[in-house]
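Following: one structure in structure tokens, then a few remarks.
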Amino acid sequence: MAFRHGWRLLAAGGAVLGLGCVQGLDPPEPTPLVEVAGGTFLFGSTEPCFPEDKPTAGCGVNDNPFGMPKTYPTVLVEVRSFAIEEHEVTNYQYEYCVAKGACREPSAFNVPNFADEYYGARAYRDFPVVNVTAEMAEEYCKFVGRRLPTEFEWERVAGGAAQDEASRRLYPYDGATRDIKDCQKRQIAVRYCTGASGPSEVMTSADDVVTEGGATIHDLTGNVAEWVAGRFKDAITCKDSIFPECQDCFECNQAPSPQQCKETCYLDESCPKCANDPDCFRECDDDPSMFPGIPRCISYGAVVQKAEDLVVTTGPDALAKGGAYSDDENQTCRARVADRLRHVVMSETTKSYNIGFRCAEDR
């Protein structure tokens, strides 16, 4: 190990000694917490999102039959009161955890095309730590007496406490419109928005903030995406799978032609149970070209679910929420509050240059 920020790390026979010894430097201050009131809010989205480099994309068969994204039914979720850190965990904070023997070092110390030495460099001590897995993030949060937020808690903060889609934030910053192009008028560390080439120092954007109870939470739209607790489940807002007699159009890749298969599936009306079940979610139901909509799954309807009952704890994929500095015109959907596509199987050696984390705490 190298000397970093004054931590005295004495290696002998491969073991690290003297972990509690700090030469002329106090431990980093804990990140201030912002209190978040519990209650019921709307989780998920029924609104399809196509990246900005596909201006003609849509739900219709003739628009983009292969690029239709999965969009889920929403679900009313009850969360308990909690607190969340006002900014992402920094290199400096994480490095102290490593020095104390409670955290593992990141899988890489650089950020390509930005900094050859990022982690451990004094110039980037107040920038978000990256190249750590969700498990490593949990280790850090435990070290400071906290935990990772669940995706329900993260989305409650990012989208607000609204109980309908029209009232809540589509993008996680105060004053956001429903058009991602709005971010190009603001100081937000996303490549599409401001041409960002790498992470930014935490809390330096005056625009990438949300206000919660009079306090400010920073960098949910950009800078780095953020690990959340639990594991990714594809249809997390669905109560049940679609009825057997209905087709899953997203798996429609059969001969003789995948496009013909999709077109037939998109316009399929052979789903009588769905027609009579108010909780049967049909995607693109409001698009005349897609009538009567794409059968997706059985939703929870208006029945409120407890957030802790929906958290998935097993599975290979970890989930990161929010946009990142590296997101260009092909990845603008990642910045949406409800986006769930940034999920990956991670090993300790996997490098994720654009994913960091922040911690939360029970109340």
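The values are calculated or read from the model by the stated rules, or taken from the named source; none is laboratory data. This is a predicted model, so every value here is computed, not measured. Note that we place each Cβ from the backbone using ideal geometry, even for glycine, and neighbour counts take in every protein chain shown.
Side notes on the structure shown:
- Scanning the range 268-292 for residues that are surrounded by 14 or more Cβ atoms within 10 Å (Cβ to Cβ), assigned to a loop (DSSP other than H, G, I, E, B) and at pLDDT below 75 yields Asp268, Asp287, Pro292.
- Residue within the range 328-347 that is crowded, with 21+ Cβ neighbours inside 10 Å, part of a strand (DSSP E or B) and touching a residue at least 40 places away in the same chain (Cβ under 8 Å) present: no
- Looking only at the range 177-210, residues that are touching a helix residue (DSSP H, G or I) at 6+ places or on another chain (Cβ under 9 Å) and within 10 Å of Thr221 (Cα to Cα) come to 6 in all.
- A single member of Lys100, Lys142 is over 17 Å from the mean Cα position of the chain (by Cα), touching a residue at least 24 places away in the same chain (Cβ under 8 Å), surrounded by fewer than 23 Cβ atoms within 10 Å (Cβ to Cβ) and not assigned by TED's automatic domain parsing to the domain that holds Asp53, and it is Lys100.
- Matching residues in the range 208-232 - criterion: being crowded, with 19+ Cβ neighbours inside 10 Å and assigned to a loop (DSSP other than H, G, I, E, B): Asp208, Asp219, Leu220, Thr221, Gly222, Asn223, Val224, Val228, Gly230, Phe232
- Checking Thr31 against (1) closer than 23 Å to Gln93 by Cα; (2) among the polar types (S, T, N, Q); (3) at pLDDT below 90, the condition it does not meet: (3)
- Top-ranked residue of the range 104-121 - restricted to ones that are buried (at least 22 other Cβ atoms within 10 Å of the Cβ) and not hydroxyl-bearing (Ser, Thr, Tyr), ranked as farthest from Cys59 (Cα to Cα): Pro106
- Looking across the range 131-181 at every residue that is basic (Lys, Arg) and in a helix (DSSP H, G or I), the one that is nearest to Thr237 (Cα to Cα) is identified as Arg156.
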